[in-house]
Amino acid sequence: MGTVHDLVSYVYPETHTFLTNFMHRVWLPYALKQATKVITVSQHSRDDISRYLGIERTKIAIVPCGVSPRFTPFPEANEAHKLATCYNVHQPYILYVGAITARKNVVGLLRAFAMLKEQFPNLSLVIAGAPAWKSKSAYQALDELQLYSRVELAGYVADADLPALYRQAAVFVFPSFYEGFGRPPLEAMACGTPVVVSNTSSLPEVVGDAALLIDPRDVEGLAGAIKTVLANPDLQQDLVQKGKERASLFTWERAGKDIIAVYHQVLER
């Protein structure tokens, strides 16, 4: 048995270190071909595993990730004040949660925000995540676009504070180029926040019709989608309602049962 979340080392090798790519291209194919069954987290990842590694699709079981029950739409007392005190986060804000790395397209998000900053003078962009491999371009974009006064680099946010960060956001934006699954959009949905997300890789199958989908390479389209959500209360409510319903379908309890079922299938052979 083996579990593979994505094949980013094959699809976007330039976003990983040489050592990581080497391990994935040498060890991973050998390990999976020896496995009786392979578990992955989305149909898209299954397609990538079959395409790049030649693994039969019938050998690959799909078990989607879950959303922790701590992500709820119910705010705690004084959570906005706590965010302001601990992370210097002030409403209204656009939120991104994830690593600062090339694959996550933080540069595209910064460029889209730069197009909106004059129309929404009180709006800020909060980036919650630590720098990762090849994050330099994001900081260069901050300098180039002169956004430091409007962008809050919150860094690593404690798990206990993440639900509040999602809940207090005006919109959550996840413009990643590639995800094996992508939990942050579902976490935002579970917290009652409207979501704008890429139309690439596994993300459309994860969010369904509960988010506004965009081409991550189309910066103007990304800015337009964010503006549409911010300026349309009816759309916000529709996305919030659909998002909560969508997120409720993904639980770790169900994921655990599905994994156990796969193991039973293998053992019965």
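Only one entry in L95, L110 is part of a strand (DSSP E or B) and either touching a residue at least 24 places away in the same chain (Cβ under 8 Å) or touching a helix residue (DSSP H, G or I) at 6+ places or on another chain (Cβ under 9 Å) (or both), namely L95. Scanning the range 3-24 for residues that are part of a helix (DSSP H, G or I), crowded, with 16+ Cβ neighbours inside 10 Å and not aliphatic (A, V, I, L, M) gives S9, Y10, T15, N21, H24.
Here W133 fulfils each of the conditions (1) farther than 17 Å from T17 by Cβ; (2) of a type outside the set (D, E, K, R); (3) out of contact with any strand residue (DSSP E or B) (no Cβ under 9 Å at 6 or more places or on another chain) apart from (1).
I need the full set of residues from the range 125-146 which are under 11 Å from I94 (Cβ atoms) and either in contact with an Asp or Glu (Cβ under 6 Å, 6 or more places away or on another chain) or modelled with pLDDT under 90 (or both), in order please. Break it down stepwise before answering.
Our first condition is that a residue be under 11 Å from I94 (Cβ atoms); within the range 125-146, this holds for 125-127.
Hit for the range 125-146 is V126, nothing else.
Only one entry in E205, E187 is at pLDDT 95 or above, under 17 Å from the mean Cα position of the chain (by Cα), surrounded by fewer than 17 Cβ atoms within 10 Å (Cβ to Cβ) and not in a loop (DSSP other than H, G, I, E, B), namely E205.
So that you can scan it fast, the table gives a plain yes or no per residue for (1) within 16 Å of G108 (Cα to Cα); (2) under 17 Å from the mean Cα position of the chain (by Cα); (3) of a type in the set (F, W, Y):
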residue: E118; (1), (2), (3): no, no, no
residue: S124; (1), (2), (3): yes, no, no
residue: K134; (1), (2), (3): yes, no, no
residue: Q140; (1), (2), (3): yes, no, no
residue: E144; (1), (2), (3): yes, no, no
residue: V151; (1), (2), (3): yes, no, no
residue: Y156; (1), (2), (3): no, yes, yes
residue: D159; (1), (2), (3): no, yes, no
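Sub-6 Å Cβ pairs linking a first residue in the range 156-167 that is over 14 Å from A130 (Cβ atoms) to a second residue that is buried (at least 19 other Cβ atoms within 10 Å of the Cβ) and among the aromatic types (F, W, Y), at least 6 apart or interchain, are P163/F71, ordered by first then second residue. Looking across the range 29-55, the residues that are in a helix (DSSP H, G or I) and either touching a Phe, Trp or Tyr at 6+ places or on another chain (Cβ under 9 Å) or touching a residue at least 40 places away in the same chain (Cβ under 8 Å) (or both) come down to P29, Q43, H44, S45, D48, I49, R51, Y52, L53. Go over the candidates H81, H90 one by one and state the one that is in a loop (DSSP other than H, G, I, E, B) and loosely packed, with under 15 Cβ neighbours inside 10 Å. From the options H81, H90, the qualifying one is H90. Close contacts from the range 228-244, counting a first residue that is assigned by TED's automatic domain parsing to the domain that holds P184 and of a type outside the set (G, A, S) and a second that is at pLDDT 95 or above and loosely packed, with under 13 Cβ neighbours inside 10 Å, with Cβ to Cβ under 7 Å and a gap of 6+ residues or different chains, come to K242/D209.
Of the numbered criteria (1) of a type in the set (G, A, S); (2) at negative phi; (3) buried (at least 21 other Cβ atoms within 10 Å of the Cβ), the one G98 fails is (2).
Could you look through the range 208-221, keep only residues that are among the aliphatic types (A, V, I, L, M) and surrounded by fewer than 24 Cβ atoms within 10 Å (Cβ to Cβ), and pick out the one that is nearest to F74 (Cα to Cα)? That would be A210.
For the range 126-165, residues that are of a type in the set (D, E, K, R), surrounded by 16 or more Cβ atoms within 10 Å (Cβ to Cβ) and within 27 Å of V67 (Cβ to Cβ) total 2.
The values are calculated or read from the model by the stated rules, or taken from the named source; none is laboratory data. Remember, it's a predicted structure, so these values are computed and weren't measured experimentally. Don't worry about glycine lacking a Cβ; one is built from the backbone with ideal geometry, like all the others, and counts go over all protein chains shown.
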